[in-house]
Amino acid sequence: MTNREAYERDCNELEQYHKIGTVEECREAVEKQKAKKCIIDSCPDHTHYKCPSCGKIHLSRYKHGIPSLGRIPRFCDHCGQAIAENWREWKNDIYHTVQRRRNSND
Ligand SMILES: [Zn+2]
């Protein structure tokens, strides 16, 4: 499913919720339209960027030579959550990884 399709699906769902859904269901759909940043889960070997809503891992960065796996989508392909960019955290993470590699090569 493309981002556009996911977006349109969510818009349609939202419209349906407005027509027939409960207040709770409606609120949930509205929440998913608000872009949220990924949850960043770090350990010594890797950093995972997870969906803030369902926890699906979208991107994994490994600290020992292996390049990143995956990418952060505009909308979660699992639950449809709109995802905001984590550019600041992302740059920080790359910066620290480069620093660490430099230090370990000395
Ligand atoms: Zn999700």
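Just so it is clear, none of the values below were taken in a lab; they were calculated from the coordinates. For clarity, every value in this text was computed on a predicted model and none was experimentally measured. Every residue, glycine as well, gets a Cβ built from its backbone with ideal geometry; the counts of neighbours run over all protein chains shown.
Table for the structure above
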{"item": "Point-charge dipole on Cβ atoms (K/R +1, D/E -1) for the chain, about Cα centre, debye to 20", "result": "560 debye"}
{"item": "Residues with amide H under 5 Å from that of K56, placed H, sequence gap 5 or more", "result": "C51"}
{"item": "Local electrostatic count, K19, Cβ distance below 14 Å [Lys/Arg +1, Asp/Glu -1]", "result": "-3"}
{"item": "Placed amide H near I83: partners under 5 Å, 5+ positions off or other chain", "result": "K36, F75, C76"}
{"item": "DSSP-loop trypsin sites (Lys or Arg not before Pro) across the stretch 22-106, with at most 10 other Cβ within 10 angstrom", "result": "K34, R71"}
{"item": "Projected-area average for the stretch 3-105 over all orientations - Cα convex hull basis, square nanometres", "result": "6.9 nm²"}
